[in-house]
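Taking it in order: structure first as structure tokens, then the write-up.
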Amino acid sequence: MSWNSKFKTQSSKLYYPVADPFSDDPEFIPLTRTQVLIAMGVTALLLLLVSKLWVNVGSGLMLPIAWSSEHALIGVGLGVGITLASSVIYALWSEYRQSADYYLKLVLKPLVFPDIIWLGLLPGLSEELLFRGVMLPTFGLDTAGILFSSLCFGMLHLSSFKQWSYVVWATAIGGVLGVSALMTNNLLVPILAHITTNFISGCLWKWRGFKDDVA
């Protein structure tokens, strides 16, 4: 039995094993492990550069980040909650399920288990610094600021217009992360939530794929 025929997914970026509906999709171009890692690294550097320039040349505002055991626990717990919510949405919403399968196959399939560390750290740090750390206080620590920064966050995850449902979910998650930043006034919370979500989901996706592959 082939790798593609064995996948059954339960969640998103947010990431799990999937039945492959894109094996005959002419638009799907598989990436190598090196290409995925380079893309993650370059994207993270660009987002960090934009954040730095935004603070230095633009508004000069940035949400504070400070270590707190309580906030660390809140961030990790929020990440676990987002992962569980993703699995529910995946089971109930077919359009999102297809979109998540495409995204996960593109990003996760070429990676090996140690790479999941970078999958958690690079997006978790760079995206939160830009969208919650800089963009949110610039456009307002209020509902409008959360909505605008979340929409920009969602659009970052648009790989093609067919994946609109993934953008909708990413936008909603951006809103949750924005609210957590606003309520705690600490960027540590959304950073740890984002890292936790990516790391747990990535590990589960790869592990279930591995078990099916050797079965």
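The values are calculated or read from the model by the stated rules, or taken from the named source; none is laboratory data. Nothing here was measured: the structure is a model prediction, and the numbers come from that model. With ideal geometry, Cβ positions are generated from the backbone for all residues, glycine too; neighbour counts draw on all protein chains shown.
Key figures
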{"item": "Contacts under 9 angstrom Cβ, first residue in the stretch 135-158 being at positive phi, partner surrounded by 15 or more Cβ atoms within 10 Å (Cβ to Cβ) and modelled with pLDDT of 95 or more, 6 or more apart", "result": "G140/I146; G140/F148"}
{"item": "Long-range neighbours under 8 Å by Cβ, at least six apart or interchain, first residue within 14 Å of W67 (Cα to Cα) and in a helix (DSSP H, G or I) within the stretch 173-195, second modelled with pLDDT of 95 or more and among the aromatic types (F, W, Y)", "result": "L188/W67"}
{"item": "Selection status of S2, surrounded by fewer than 13 Cβ atoms within 10 Å (Cβ to Cβ), modelled with pLDDT under 95, assigned to a loop (DSSP other than H, G, I, E, B) and of a type outside the set (A, V, I, L, M, F, W, C)", "result": "yes"}
{"item": "Residue that is nearest to Y96 (Cα to Cα) [pool: residues in the stretch 130-169 that are in a helix (DSSP H, G or I) and among the polar types (S, T, N, Q)]", "result": "S165"}
{"item": "Sole exception among (1) in contact with a Leu (Cβ under 9 Å, 6 or more places away or on another chain); (2) within 22 Å of G58 (Cβ to Cβ) for Y166, by number", "result": "(2)"}
{"item": "Selection within the stretch 75-96 - within 15 Å of F161 (Cα to Cα) and either crowded, with 17+ Cβ neighbours inside 10 Å or under 14 Å from the mean Cα position of the chain (by Cα) (or both)", "result": "Y96"}
